[in-house]
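Below: the structure, in structure tokens.
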Amino acid sequence: MKNTILCSIVLLLLSPICIAAPQVGDEPIDVLGKDLQGNKILLSDYKGKVVVMSFWATWCAPCMKELPVLEGIQKQVSRKKLQVLAVNFGEKKRLVKKIDKVFKEDGIALQLVHDSGRKVAKKWGVKAIPYLVMIDKNGQVAHIHRGYSEGALPAIIREVNELLAERFEL
């Protein structure tokens, strides 16, 4: 019996510690990556706002359909109440800067975040993209959507509106 308990303790101590990806109701990881000027983007800087964050890449056709929709949502709601963050899924910063330029030429002014080496994506448990996360005004994960379909848009818009209507608790 003592040997079994001792072996169990040793196995627990020797096994790698796994950090679970944030789930609905959790307080998420604060660091999201860097903006294109190299400044850290922290979720805590947006406390009191609803944050819609999408992991995306240029090679992902559904992502490239989703981003203009998210931009449309951002345009409908003041940045004082809502912040959309587009977290690039590990592509080179040079490419993300080029995409930012093209987006701006097309009137898309999303806040792009560079996730070098997919470090942030790994912490969020992102295995496939697009991967959309909504954070409520109090800084907790409210909704997670994996993949993209136009059929899901009414639910996403409803969820954003519900989060905007909630009270912010200090």
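Heavy atoms only, probe 1.4 Å: what % of the accessible area of the chain goes to carbon and sulfur, would you let me know? The nonpolar share, carbon plus sulfur, comes to 57 percent.
Label-to-label distance for K81 and S149 is 2.9 nm, based on points extended 7 Å past Cα in the beta-carbon direction.
Using 0.36 nm per residue of separation minus the Cα-Cα distance, give me the extension gain between A128 and W59 in nm, one decimal.
23.6 nm
For the chain, the Kirkwood estimate of the hydrodynamic radius, built from every pair of different alpha carbons, is 17.1 Å. Taking R0 as 25 Å, what FRET efficiency do you get between S44 and R94 from their Cβ-Cβ distance, rounded to the nearest 0.05? After rounding to 0.05, the efficiency reads 0.30. When the pairs K34/K104; K40/K127; K49/K92 are compared against a 27 Å limit on Cα-Cα distance, K49/K92 fall above it. Entry comment: accessible area of region 63-170 is 55 Å² per residue, from protein heavy atoms only and a probe of 1.4 Å. Fully extending the segment from A165 to V31 would add 45.6 nm, taking 0.36 nm per residue of separation and subtracting the current Cα-Cα distance.
The values are calculated or read from the model by the stated rules, or taken from the named source; none is laboratory data. No experiment lies behind these values; they were computed from the predicted model shown. Methodologically, a virtual Cβ is constructed for each residue, glycine included, from the backbone with ideal geometry; neighbour enumeration extends over all protein chains shown. All accessible areas refer to the heavy atoms of the entire protein, side chains included, with ligands and DNA or RNA removed. Shrake-Rupley method; radii C 1.70, N 1.55, O 1.52, S 1.80 Å.
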